[in-house]
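Written out below as structure tokens is the structure these notes cover.
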Amino acid sequence: MSSDETPNVPAPRNTREAVREKAQQVSAQQSRARLIRRFTIGAIVVVAVAAIGTAVTLTVSSSVSQPTLNPSGMSGDGIVVRSVAVADDGADEVAEGEEGEAEGAESTPEPAESTAAVDVHIYVDYLSPGAGEFERANTPQLAGWINEGVVSVTYHPVSMLTASSNGTKYSLRSAAAAACVVTHAPEYFYAYNHELLIDQPAVDSNGRTDVELADLAVAVGAENSDVLRDCIEDGDFTSWAKEATSRALAGPLEGSKDLVLTSAPMVVVNGEAYVGSLKDPAEFSHFVLTVAGYTEITPAPTPTATP
């Protein structure tokens, strides 16, 4: 199927403004909640002083042996997007889980081998301007191919630009936040990934805070749960993000025999790296067709019931 027939996806400015406004509202609510929590904590601090010695000892002991937390629902440090659904108001895109249905934040998709004709792996750094350019240019045709079942797309969050955000490590923190969404609200990963890429902070800026990263997850539709927010704000998967990036730099990349991560974004199609324009969907489409050996991408046949 050609890219002319692909579905509309949430790229207009008014959609981004709606997400920003929702994130700001969530942030204001969280600020009020934090003030209340701080007042409560202040009221009991005198009682807590007596236990400080014991708490410090336990914290030090646990931190020494604490293993790296790994996100669930990933395969090869990536999340497979099985389908892309556009909401009625056009504001959100939702990626269904591996089982084919969006089953709620508590449902964790199980990694499964792709049966699509074309296997696409996209390594994204959420601070990389090129990653944003590729997402904006190629989302419509990728979404159509995904829904037709002829292309399997796996996103791999990496953190190559960790030193390019005034010391805030935005690249690392945003990759870890994406892993939190994969683990605790997998059906909203695609919308979260998409928003992080099309509405990026500038390189060498501070980027979003951890609270703002959590607010954004809620703004795209994820439940404002304590477990998701704590995961993002506490940086549960920052160590995983570092190690996943190191694995990609060492190679071989998932879906290839000998490729290593050299830049972000890096797009691998059936084991071959795409080196064309990130902003030209026609050039990328031609590369995909060539690698797959097609003159055009034809949707997979729909099974019919046998009487």
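Just so it is clear, none of the values below were taken in a lab; they were calculated from the coordinates. These numbers come from a predicted model, not from an experiment. With ideal geometry, Cβ positions are generated from the backbone for all residues, glycine too; neighbour counts draw on all protein chains shown.
A few notes on this one:
- A DSSP coil position with no more than 14 other Cβ atoms inside 10 Å describes the following trypsin sites (Lys or Arg not before Pro) in the stretch 187-261: LYS257.
- Among 273-284, 171-182, sorting by the average number of other beta carbon atoms lying within 10 angstrom of each residue, highest first, gives 171-182, 273-284.
- Virtual spin-label span in nm between ASP258 and VAL275, 7 Å along Cα→Cβ: 1.4 nm
- In terms of surrounding Cβ atoms within a 10 Å radius of their Cβ, HIS121, HIS286 rank from fewest to most as HIS286, HIS121.
- Long-range HN-HN contacts of SER75 with modeled amide H, under 5 Å: VAL80
- Sequence-ordered 3J(HN,Hα) estimates for the stretch 237-246 from the Karplus curve with 6.51, -1.76 and 1.60 and θ = phi - 60° stand at 10, 5, 5, 4, 4, 4, 5, 5, 5, 4 Hz, glycine and proline given as x.
- Using a Förster distance of 41 Å, the FRET efficiency for ASN224-HIS286 (Cβ separation, nearest 0.05): 0.45
- Cβ-based exposure ranking for VAL158, VAL153, in which fewest neighbours within 10 Å come first: VAL153, VAL158
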